[in-house]
Every structure is written in structure tokens, then in C-alpha cells.
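Laboratory data are not the source of any read-out in this text; all were calculated from the coordinates shown. Keep in mind the model is a prediction, meaning the values are calculated, not measured. Cβ placement follows ideal geometry from the backbone for every residue including glycine, while neighbour counts extend to all protein chains displayed.
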Amino acid sequence: MSGIGIISQEYKSTANLFKNLNDYIILLKKHHFKLKSGENITSQEIISARNYLSNILGQIVTQLGDSNGVGEGEQNLPKVPPFFIKRLQEQHKGDISWYKNDLEEVQQSLVGNEPLTDKFIDHLDELCEQLDAETTRLYRKLRRR
């Protein structure tokens, strides 16, 4: 595959992950903050959002500590791009172990069906912001070619 083909594929997978992550975070925020636009959200949609986000968080936590790839049971999920993991590592290089612990807490809260806190929502928002920045970086790289 050519260089542009690789970048294009990386962009596509990063953009898809960003869209899914963003959509599920918005859904949970509508529910959490009891917004009028969230009144029609079903319990199945909440469960799906929590499952998806907890699985993605599990991948991120695993890859932050060990970049050997996707673990067992995660083959069917969208793969978290390595450049995104690198961005998070650079962003949190002084506090990576605390950051991983915070993400694990969010993941456990999602799995345990516990109410989300503002702190947990902030962590999810940060992931979305960083993934958006990575998508933008790849898009600009494509445009330069």
C-alpha cells in the first residue's frame, strides 16, 4: 500500500472511531444531564453506549501500558489507532499512571452501570478532543500530499 493509502486508511479508521465515540458520549451526556433531547433515549441505547465506551477505554488503558496491539475479545471492536495512543502518552507523560487509573475508574463505572460524574464526563470529553485533534492532523497530512 502506498504512503497516501496508509494515511487515508488511518484517517478513515480514526474518523470512524471519533464519530462513534462522540455519538455515544453525547448520548450519555443527554441522559446524565436530563436534557429534553434525551427524553427518548432507550435503556438499550444507554447500555450499548456504556458497553462500547467501556470496551474502547479498556483498549486505550491496555495500549497506554503496552502497545502490543489488541487483546483477546477485542478483535471485533474498532482498533484504537496507535498515533492516538501516542498523543495521549505525550499529553500525560508526567502522570500517565494516574491517567490510566482515572480511565480505569471511568471504565468500571460504565461497566457497573454507576452514574457518571462530571469528572468522568470530563475524561470522556478529553478523549474526544484528543481523537478529534488526531483526525484533523491526519486530514491535513492527506491534503498536503
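Points worth noting:
- The GluC sites (Glu not before Pro) of region 85-143 include none that meets both criteria, a DSSP state outside H, G, I, E and B (loop) and at most 10 other C-beta atoms within 10 angstrom of the site's C-beta.
- Taking the helices alone, the chain has a mean residue ellipticity at 222 nm of -25500 deg cm²/dmol, built from -39,500 (n - 2.57) per DSSP H run of at least 4 residues and averaged over all its residues.
- Mean-position separation - Cα centroids, region 1-54 and region 89-117, in angstrom: 18
- Ranked list, fewest to most other Cβ atoms within 10 Å of each Cβ, for Tyr139, Tyr99: Tyr139, Tyr99
- For the chain: relative contact order, % (alpha-carbon pairs under 8 angstrom, 6 or more apart): 36
- Order of Lys79, Lys100, Lys36 - criterion: other Cβ atoms within 10 Å of each residue's Cβ, fewest first: Lys36, Lys79, Lys100
- Selected from Leu35, Leu27, Leu88 as most flexible by GNM, with the chain as the system and alpha-carbon contacts under 10 Å: Leu35
- Among the listed values (i) 1.15; (ii) 1.08; (iii) 1.61, the one computed from these coordinates for Cα Rg over 2.2 N^0.38 Å is (ii).
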